[in-house]
Amino acid sequence: MSKFIITLIIPFLFISKNYSQSRNYEKEVTLKGKIIDAETQDPLEYASISIFSKAENKIISGGITDINGNFNVEVKPGVYNISIEYISYKTISYTDKNLTKSENLGTIAMDLDLATLDAVQIIAEKTTVEIKLDKKVYNIGKDLTTAGGTVSDALNNVPSVSVDVEGAISLRGNENVKILINGKPSAMAGFGDTNVLSQLPAEAIERVEVITSPSARYDAEGTAGILNIILRQQETLGFNGSVNLTLGNPDNLGLSTNLNYRTEKFNLFTNLGYRYFDAPRNSFSDTDYFDTEDDEIDRVREDEEVERINKNFNGSLGMEYFLSDKTSLTGTFFYRNGKDEDTGINISDRFINESFVEQTERIEKETEDGNNFQFALNYITKFDDSGHELTADIQIETGKSDQLTFYNEDYNYTYQTDPEGFQIENVTQEEEDSESLFQVDYVLPLGDNGRFEAGYRGNFENSVTDYLLEQEDLDSGSLFVNDTLSNVFDYTENVNAVYTQYGTKFNKFSFLLGLRLENTQLKGDIDSRLTAEELEESYGFPIQTTFDNNYLGLFPTLNVIYSLSKNDEDAEESITFGYNRRINRPRGWFINPFPSRSSRTNVFQGNPNLRPAFASAFDLGYLKRWEKLTLTTSVYYQHETDSFERIQENTGLQTSDGIDIIRTIPVNLSTNNRTGAELGVLYNPAKWIRLNSSFNFYQFETDGEFNDVDYSAKNTSWFARFSSKVTLPAKIDWQTNAFYKGPSQDAQSDNEGIFALDLAFSKEVLNNNATISLNVRDLFNSRIRKSTVFTDSYTSYEEMQWRQRQINVSFRYRFNQLKSHNERGENNRNNGGDEDFDFEG
């Protein structure tokens, strides 16, 4: 490990040395010394030495200690202030040191800064919640159950948030959530595909901001609200980092590293990760068809098992350069590559009048190779220390994926004497995505407590999907192109927005009032042999093959906090109120009218006629914080117009062997009213035990119809989670997480409840420089979605298990950083410009 670290640091030392030498044209003197721990007498590797020139009023040289604690710095003769620093140790300074010749400072002993260390450990060991004017901030803390896991795993432990069995993220039971990385849309989130978050390591997260009442500064997208994931980025002087290794069953191999090198002039950071894992899933369905003839198949039972091999690499490299004490420029490059290989076997049993008559076996092989690139540039200048600042961001992203799917089905048994064979099918789908973001934000403090903000954001996205279907000619055995279903779909979404907001605090009131103006342009062009009339015949309603729609909207926001605390010594207590108007824009795959098939009998078909949905939301919250107990609760209401709903219907078409084809299509239903309440409790009765629980109840009421069918319904459900962390003898930490989602109903289905339990154990080793942990996710293998779908022509019972029970062993090694500091993640400089308006209750 030491050789690995030394190899990585050589380029940084070379840069630092050349920087120093390029400034000197006269004979230099050498400053030497050795840094050790005052208590243990051990050498401190990577302690930083800074040389400040009083004549030039800036740092002109520096260096770091080697594995033996030695340092060697060359400077020209002069008078300097010398500073020696190491993480969580007291800084040692030499003022007005006159260097006229080479000098050896000898052995220098550094003492731990216990006050700083204690403060850091409090944050590191427990998850905390902060109430801001427009958000709740959850510091993830040391969550053992997500060690070796993914960002999706970590999100599933955040109150108000749930991740279903298929990886879909919802906030308070609503899936219309906007996902941001460091305050911005990101290629890390896969151009809107939240499943990509299941490929990023959980260790990368510093905190999660749950924004149920977003201020005007944020994009108005997402009727449920916003989840802003803040990733770690150290800012300690010198070179530091960590290495993570994970092994698991089913097959799970992960290796990641976080490296950081910081001087007084720049901060260089990188994150690299590779993961190989098998995520087998299985599903089952049992469908009964009505109004069939006596000799027609009236029941189909399908049992599918899929092996999913995923190989993912993601890496980022960034540099923050300090142009002055108040101005910095940060550039970051991100790259992600994913290679997926899925093999599924679907056994289909068919019945006539309850008699088993036929069985087919369908094999599906799918490979996908995708790449995402992202470059981001952030500029920030602080005009003074009062918060007067200007930030500018540019973000360019591109992505490409190639997907090849092979289908082959055959009879294992059949009652037919001369059945027609099944066609072999090859589906090739190429998708290219691009996205550009331009953003400027200006903040002006007004008086002691006021703040005015204004800004612009332009977000420009384009996606081109080339879909080619080849099918077998049963007579010749050759493949031909099905040009009625093959197509090219070009989809563009452009959003331009300006905003302004004002906040202030007087007496016990704090408020933030804002207004955002957004113009949304949705453009689409479908290149297909099918005419608009032929598509209309398929859908049963008119279809636009080329469209260019503009939507202009005003989005007001208001967030208020009233403090009930009597004085600074009392327990914190506050009431919050939030109002905001939001928009939900349809994604490209919801628009594309050409069907994608999960099987021959089930298809998903987009709807080019989809319009954005608009919602107004109200939120009333309460916070009470005692010394060992934190209580948060809220009630909320949302009224949404033109809300999206997925409708299942019988197409009236049949497969070649007489099975009805079921279609799922998204449509704009009339209205959707959501009402709910949530309660959260954090309780730390003693140092050795910490308890965390939350409960969320909600009701959705839909009112609307489609194709003369009334889909009005009420959907009532709830979910709860509980987490406990106990410190056992021998300093072993034990954590238990339990989750339950209650049963629910909607216009077409009844969904059963889902229960899952996670266990984890961890222990610090290697003189507290490393952590080894064991966790089991879904201990009882019970995270299975079970539902029954009801329509006028069929009923279907369905089960889906997206991921089976997972067992992981993880090892994390930290160098040149104490455990507490590593868990802290204290960088707030570049969080995407969405800084807190810091009026806490």
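Here's a check for you: in region 474-511, which residue that is assigned to a loop (DSSP other than H, G, I, E, B) and touching a residue at least 40 places away in the same chain (Cβ under 8 Å) is nearest to residue 420 (Cα to Cα)? For region 474-511, the residue satisfying everything is 474. Among the residues of region 512-520, are any at pLDDT below 90 and part of a strand (DSSP E or B)? Among the residues of region 512-520, not one is at pLDDT below 90 and part of a strand (DSSP E or B), which makes the answer no.
Of the residues making up region 775-812, those that are in a strand (DSSP E or B), surrounded by fewer than 17 Cβ atoms within 10 Å (Cβ to Cβ) and in contact with a Phe, Trp or Tyr (Cβ under 7 Å, 6 or more places away or on another chain) are 788, 799.
From the residues in region 286-303 that are over 12 Å from residue 797 (Cβ atoms), modelled with pLDDT of 85 or more and not acidic (Asp, Glu), which one is surrounded by the fewest Cβ atoms within 10 Å (Cβ to Cβ)? If we take residues in region 286-303 being over 12 Å from residue 797 (Cβ atoms), modelled with pLDDT of 85 or more and not acidic (Asp, Glu), then 290 is surrounded by the fewest Cβ atoms within 10 Å (Cβ to Cβ). The sole residue among 746, 778, 733 that is acidic (Asp, Glu) and free of Cβ contacts under 8 Å to residues at least 40 places away in the same chain is 778.
Residue by residue, here is whether (1) more than 30 Å from residue 306 (Cα to Cα); (2) of a type in the set (A, V, I, L, M, F, W, C); (3) modelled with pLDDT of 90 or more; (4) in contact with a helix residue (DSSP H, G or I) (Cβ under 8 Å, 6 or more places away or on another chain) holds:
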| position | (1), (2), (3), (4) |
| --- | --- |
| 388 | yes, no, yes, no |
| 433 | no, no, yes, no |
| 452 | yes, yes, yes, no |
| 456 | yes, no, yes, no |
| 482 | no, no, no, no |
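Considering (1) closer than 30 Å to residue 308 by Cα; (2) among the aliphatic types (A, V, I, L, M); (3) within 28 Å of the chain's Cα centre (by Cα), the lone condition that residue 789 does not fulfil carries the number (3).
Checking the structure you have, find out if any residue of region 545-555 is assigned by TED's automatic domain parsing to the domain that holds residue 589, farther than 22 Å from residue 613 by Cα and either aliphatic (A, V, I, L, M) or at pLDDT below 90 (or both). First the steps, then the outcome.
Taking region 545-555 first, the residues assigned by TED's automatic domain parsing to the domain that holds residue 589 are 545-555.
Then keep just the ones that are farther than 22 Å from residue 613 by Cα; that gives none.
Within region 545-555, not a single residue is assigned by TED's automatic domain parsing to the domain that holds residue 589, farther than 22 Å from residue 613 by Cα and either aliphatic (A, V, I, L, M) or at pLDDT below 90 (or both).
Matching residues to (1) at pLDDT below 85; (2) of a type in the set (Val, Ile, Thr); (3) assigned to a strand (DSSP E or B); (4) outside the structural domain of residue 662 (by TED's automatic domain parsing):
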residue	(1), (2), (3), (4)
715	yes, no, yes, no
727	no, yes, yes, no
757	no, no, yes, no
768	yes, no, no, no
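Of all residues in region 702-713, those being free of Cβ contacts under 8 Å to residues at least 40 places away in the same chain and out of contact with any Ser or Thr (no Cβ under 8 Å at 6 or more places or on another chain) number 2. Screening the candidates 467, 499 for the property of being at pLDDT 95 or above and surrounded by 20 or more Cβ atoms within 10 Å (Cβ to Cβ) yields one hit, 499. Condition first: in contact with a Pro (Cβ under 8 Å, 6 or more places away or on another chain), small (Gly, Ala, Ser) and not in a strand (DSSP E or B). Can you find one or more residues in region 75-93 that meet it? No - not one qualifying residue is present in region 75-93. The residue list 663, 690, 674 contains one member that is under 30 Å from residue 731 (Cα atoms), assigned to a strand (DSSP E or B) and touching a strand residue (DSSP E or B) at 6+ places or on another chain (Cβ under 8 Å), which is 690. Of the residues making up region 722-730, at least one is farther than 27 Å from residue 625 by Cα and not aliphatic (A, V, I, L, M).
Among the residues of this structure, residue 710 counts as one that is surrounded by fewer than 15 Cβ atoms within 10 Å (Cβ to Cβ) and over 23 Å from residue 585 (Cα atoms). Listed by first and then second residue, the pairs linking a residue in region 49-69 that is at pLDDT below 80 to a residue that is exposed (fewer than 12 other Cβ atoms within 10 Å of the Cβ), with Cβ atoms under 8 Å apart and 6 or more places separating them unless they lie on different chains, are 54/96; 67/2.
Only one of (1) outside any loop (DSSP other than H, G, I, E, B); (2) in contact (Cβ under 8 Å) with a residue 12 or more places away in the chain; (3) of a type outside the set (Ser, Thr, Tyr) fails for residue 593. Which number is that? Of everything listed in (1) outside any loop (DSSP other than H, G, I, E, B); (2) in contact (Cβ under 8 Å) with a residue 12 or more places away in the chain; (3) of a type outside the set (Ser, Thr, Tyr), residue 593 misses just condition (1). Within the set 348, 328, 316, 324, the sole residue that is in the same structural domain as residue 251 (by TED's automatic domain parsing) and not in a strand (DSSP E or B) turns out to be 324. So how many residues does region 387-408 have that are out of contact with any Lys or Arg (no Cβ under 9 Å at 6 or more places or on another chain), under 14 Å from residue 437 (Cβ atoms) and crowded, with 16+ Cβ neighbours inside 10 Å? Residues in region 387-408 being out of contact with any Lys or Arg (no Cβ under 9 Å at 6 or more places or on another chain), under 14 Å from residue 437 (Cβ atoms) and crowded, with 16+ Cβ neighbours inside 10 Å: 4 in total.
The values are calculated or read from the model by the stated rules, or taken from the named source; none is laboratory data. Bear in mind the structure is a predicted one, so any value in this text is a computation, not a measurement. With ideal geometry, Cβ positions are generated from the backbone for all residues, glycine too; neighbour counts draw on all protein chains shown.
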